[in-house]
Amino acid sequence: MSSVNLMAREVAAKIVFYGPGLSGKTTTLRKVYETVRPAHRGEMMSIATEGDRTLFFDFLPVKVERVGDCSVRLALYTVPGQVFYNATRKLVLQGADGVVFVADSQAEAMDANRESLANLEENLLENGIRLERFPLVMQWNKRDLEGTLSVEELRRELNPRGVPDFETAATNGRGVLDTLKTITRLVIKDLRAKRIVPPPRPTPPPPGTAPAGLEAQLAQHLTHRQPPSAPPQVPPTQSPTAATIAPTPVPRTLTTPAPPRVEPAPIIAASAGPRLLGPTSALAPGDLFDHARAAEAAFSAGDYTTCVTACTDAVRRAMAFAGEGTVAQQAFLLRVDGADLLRLQGLSTLPHLRVDDAAFSLYVLMQVFVRLNAVGLPTAG
């Protein structure tokens, strides 16, 4: 999901390169990385396997030109091509602002192209997004090879809506930046339509000129003149004359009698009946329900060390549902705050813990459970 830093006047947008396995998604991203000036690019991360060059994601934050008086920072991702990595596809696709569909132009890849495009539409629909209303650019890749399908055939099979499309050869970079520029324009246009991109800041008028418009003149007037103070309120039991000559009220001293103390009603603990679910266990997946209950029970009993230990273990198990990899990679996919995870790790090494430490641990665990629920993990069966 795009985010706006109003103080820095910066808009961050997420673009995902989608398509079948080995269609050229990672090669496209690498070519962008090589082309962008080092000052405007971040570190590129990639995880490869035997079956596909990208198991989880490639991530490349690229700072592009300004839009109005806002700078735009793009986060570029690719998804794994194989169908059996669909859970990871969903994770990477979450929060995307636009998609580049990288199609393999070879005739034998047409079935894989169709399947991947249908999968993209299905995964977007699960997030409540219709593909025809979403910023999309088609990239006909591998145009440098012989025996590729014509652009007309590719458009007929894969682009009936007529979204912008480009012929590319990712290995030498032909057409890659044109694709990126177009999807960026579509994303910015969509963000403006949703009123996510803030409007340009008004330019101050030259010195000595009166501001135009009634509202501007009124604002200028109010900055130079203070409104008259309201007349003092006169209690109904006093006459106006008495109010004007009444002495200044004396502040309350320590001798002023305090209000009567109200004793709280005693709390009667229920001795029988089922125990209600706490917020953490209510959010927990079935496999982690007992861990969440154990953490809540330790918190209620005042055993804060056990609570933090149980939360740390449950978080570790929950993050594993995002797939293999380091905790940082799993947190990145689930969009869990890495700073919170580091703080939780640090708490688990302390000998003496307080109630706020245990409460923070439960908060982190609930945050992870919410992210798992949002992406449909763990899957049933």
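The values are calculated or read from the model by the stated rules, or taken from the named source; none is laboratory data. These numbers were taken from a predicted model, which means no experiment stands behind them. Positions of Cβ are generated from backbone atoms using ideal geometry, with glycine treated the same way; all protein chains shown enter the neighbour counts. Protein only, heavy atoms only, side chains kept; ligands, DNA and RNA dropped before computing areas. Shrake-Rupley method; radii C 1.70, N 1.55, O 1.52, S 1.80 Å.
Calculated FRET efficiency, Ala39 and Ala301, Cβ-Cβ r, R0 35 Å, to nearest 0.05? Could the numbers behind the result be given before it?
On the way: r = 54 Å, r/R0 = 1.56.
That pair, Ala39 with Ala301, gives E of 0.05.
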Share of alpha-carbon pairs per 5 Å distance bin for the range 299-380, given as whole %: 3, 16, 28, 23, 15, 10, 5, 1
Expressed as a whole percentage, what fraction of the accessible surface of the range 74-201 belongs to carbon and sulfur atoms when a 1.4 Å probe is rolled over the protein heavy atoms? 49
Violating pairs (Cα-Cα greater than 25 angstrom) within the set Lys14/Lys189; Lys14/Lys194; Lys90/Lys194; Lys25/Lys90; Lys31/Lys194: Lys31/Lys194
Mind giving me the FRET efficiency for Arg66 and Asp144? R0 is 56 Å, r the Cβ-Cβ distance, nearest 0.05 is fine. 0.95
Would you kindly derive the ³J(HN,Hα) couplings of the range 178-191 from the backbone phi angles with the Karplus curve 6.51 cos²θ - 1.76 cosθ + 1.60 (θ = phi - 60°), listing them in order in whole Hz, with x for Gly and Pro? 4, 4, 5, 4, 5, 5, 5, 4, 5, 5, 4, 4, 5, 5
For Lys63, give me every one of the aspartates and glutamates with a C-alpha distance below 18 angstrom, ignoring sequence neighbours fewer than eight places off in its own chain. Glu10, Glu34, Glu43, Asp97, Asp178
For labels at Lys194 and Glu324 in the simple 7 Å Cα→Cβ model, what's the distance in nm? 3.5
Spin-label pair Glu122/Asp290, simplified geometry with 7 Å Cα→Cβ offset, distance in nm: 3.4
Could you pull out every residue, at least 5 positions away or on a different chain, whose amide H is within less than 5 Å of the one on Asp165? Hs are placed 1.01 Å off N in the peptide plane, and Pro or chain starts have none. Met138
Can you give me the distance in nm between label points at Ser348 and Arg335, each placed 7 Å from the Cα along the Cα-to-Cβ direction? 2.5
Given H placed on each backbone N at 1.01 Å, which residues far from Phe17 in sequence or on other chains put an amide H within less than 5 Å of it? Tyr77, Thr78, Val79, Val100
Amide H to amide H under 5 Å from Val72: which residues, 5+ apart in sequence or cross-chain, H placed 1.01 Å off N in plane? Val11, Val64, Val67
Just to check I understand the Karplus step: with θ = phi - 60° and J = 6.51 cos²θ - 1.76 cosθ + 1.60, what whole-Hz values come out for the range 144-156, glycine and proline as x? 7, 8, 8, x, 7, 5, 6, 4, 4, 5, 4, 5, 5
